[in-house]
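Worksheet: the structure to be examined is printed underneath.
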Amino acid sequence: MGSRSHRQIPVRMATLWLLGARACWRDDNYLLDDTLRIRTDSAENGGGVSALAGLEKIRDLLGQPGKVVRLVGLSGVGKTRFVQALFDPAVGAGNLDPSLAIYADMADTPDPQPIALTSNLAARRTRAILVIDNCPQELHRRLSELVRTAGSTISVITIEYDIREDEPEGTEVFALEPSSPDLAQKLVSRRFASLSDVDAQTISEFSGGNARIALALAATVGKNESLAGLTDDGLFRRLFQQRHEHDSELLLVAQACAPPRRTF
């Protein structure tokens, strides 16, 4: 594939991703509070920094060609949404230029692959901010080597759930923690306006601040229905089953994989 195609395909992917993000921004502004949600290796940050402070730090880094950032955290805590906020002018100060973003999700088997794309952009000396979602460790290492060469015009942020200590030299690692219960409650209340305050609080506490779990559980609550009186066991069964038929075999698998202290 020629160099022109290398540039066109990812730009289209980035455009679709950012258009989707902007649609969310109009009706679903990124929620922030003062909870320490971002952990770094910096001793000066102690237990971490707020999401806004973390956003602004990452913006400062990615605004410089040759910088490499890795964002890690458990599935469902909002890593991809957090990265979208880096380009959102409504969140904090100094948002990154969306026109520089090139996004690819490795789960979608992108074509061209990030290594070929990065090499092509470097050869053309094109300024770009690469966002590589679901990026395995080895791919991150290879991208880091390419991006950190002298005279680089590219910066990159990779996203993954895996948290390791052996990140490549020159990588700034940020770990995104689950949101606070209050923030999770605001999220589900905004997405599901028919939920009572009590149900929204119940969901936020059960989810442990994990946005994906909170939204999935909220989606199971029908009109004029309430979660009042349900135990953790009942909430889990509702989340596990959602709107599907009961599957006893699948439930047994979940029981086998669950922590020993919890039964379903």
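For Asp33, the solvent-accessible surface computed with a 1.4 Å probe is close to 40 Å², ligands and nucleic acids excluded. For the pair the stretch 60-82 / the stretch 126-143, the C-alpha centres are spaced 10 Å from each other. Amide H to amide H, with H built 1.01 Å from N, Tyr103 comes under 5 Å of Ala14, Val131, counting only residues 5 or more places away or on other chains.
Subtracting the Cα-Cα distance of Asn134 and Ser50 from 0.36 nm times their residue separation leaves 27.9 nm of extension gain.
Stretched out fully, how many nm does the piece from Arg237 to Ala93 gain, at 0.36 nm a residue minus the Cα gap?
Details: separation 144, 0.36 × 144 = 51.84 nm, distance 4.25 nm.
In short, 47.6 nm is gained.
Amide H to amide H distances under 5 Å link Arg70 with Thr158, Glu172, Val173, Phe174, where only residues 5 or more positions off or on other chains count and H is placed in the peptide plane.
Rounded, prolate or oblate for the stretch 81-155? Axes are the square roots of the Cα gyration tensor eigenvalues, ordered a ≥ b ≥ c, and the cut-off for rounded is a/c under 1.5. Intermediate values should be presented prior to the final figure.
Working: a/c = 1.93, a/b = 1.30, b/c = 1.48.
Taking the square roots of the gyration eigenvalues as a ≥ b ≥ c, the stretch 81-155 is oblate.
Output the antiparallel fraction of DSSP beta bridges having both residues in the stretch 89-243, as a percent to the nearest 5. Each step should come with its number before you reach the end.
Values: 0 of 10 bridges.
Once the DSSP bridges in the stretch 89-243 are tallied, antiparallel ones form about 0 percent.
Taking a point 7 Å out from the Cα of Leu32 in the direction of its Cβ, the residues of the stretch 54-95 whose backbone N falls within less than 16 Å of it are 54-61, 81-95.
Partner lysines whose Cα lies under 27 Å from the Cα of Lys67, excluding those fewer than 8 positions away in the same chain, are identified as Lys57, Lys79.
The values are calculated or read from the model by the stated rules, or taken from the named source; none is laboratory data. What you see is a predicted model; the values in this text were computed from it and never measured. Virtual Cβ from ideal backbone geometry, glycine too; neighbours counted across all protein chains shown. Keep in mind that these areas ignore ligands, DNA and RNA; they rest on the heavy atoms of the full protein, side chains included. Shrake-Rupley method; radii C 1.70, N 1.55, O 1.52, S 1.80 Å.
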